[in-house]
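Each value in this text was obtained by applying a stated rule to the coordinates, not by laboratory testing. Just so it is clear, the model here is predicted, and its values are computed rather than measured. Here the Cβ is made from the backbone with ideal geometry for all residues, glycine too, and neighbour counts use every protein chain on show.
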Amino acid sequence: SIRNELREFIKLTSLNTPGIIGVHNILVSELDGSSHVRLHVNVDPNCTVDDAHKISDELENNLIEDNHNISLVTVHTDPKITIRGYDLVSSIKSLLAKVHGIKAENVLIERIGEVTYVDVKCSTKGSASLIDSHDAITLIEDNVKEIIGGDVHVTIHLEPMEKRPHPKKTHLKRK
């Protein structure tokens, strides 16, 4: 689909921009025939705000210049977080890949002071057992906490892979 092609273009352009070492949370919206792009990129955690801003400016320019349907780009720069040599995002996705039927959709890691927050959005079959899925996710949470150590908050949000249509809202008219 065109939307998937655009997302792949955004991902490849991001990863080919010097200084960017990861990309996630790619969101694309359409307005009046043009695309608005919002995304997060990972950069070296030792770079300065000036450096990170230059990298994001270059990415914004590359995306708009190379795809004339894109009219607005907003880039959020995240430091690539590694703890004790682990690339945490890859490690978490790898752990989830080992659990049959659960797929990591998005991983966000933030360090605020001494506290590490790990938010994971993943999916599984809608018909999967909630107890089995919860048990698997709890093991993943425990592994992540063990890898990171210290004050860690892990939240894993599980969704069914099959999206069910939302029921139509009924609007009541006042008399």
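Computed extension gain for N25 through D135, at 0.36 nm per residue and net of the alpha carbon distance, reaches 36.9 nm.
Let me know the whole percent of all Cα-Cα pairs from region 1-80 that are separated by more than 20 Å. Of all Cα-Cα distances in region 1-80, 25 percent exceed 20 Å.
Compactness check for region 98-142: Cα Rg over 2.2 N^0.38 Å is 1.33.
The amide H of V23, built 1.01 Å from its N in the peptide plane, has N42 as neighbours under 5 Å, considering only residues 5 or more places off or on other chains.
Given the convex hull of the Cα atoms of the chain, what is a quarter of its surface area in nm²?
14.8 nm²
The modelled label-to-label distance for the pair D87/T48, using points 7 Å beyond Cα in the direction of Cβ, is 2.8 nm. Can you tell me the FRET efficiency between R111 and N62 if r is taken as the Cβ-Cβ distance and R0 is 22 Å, rounded to the nearest 0.05? Plugging the Cβ-Cβ distance into 1/(1 + (r/R0)^6) gives 0.20.
From helices alone, the chain scores -11500 deg cm²/dmol at 222 nm; the rule is -39500 (n - 2.57) for each run of n ≥ 4 DSSP H residues, then divide by the residue total.
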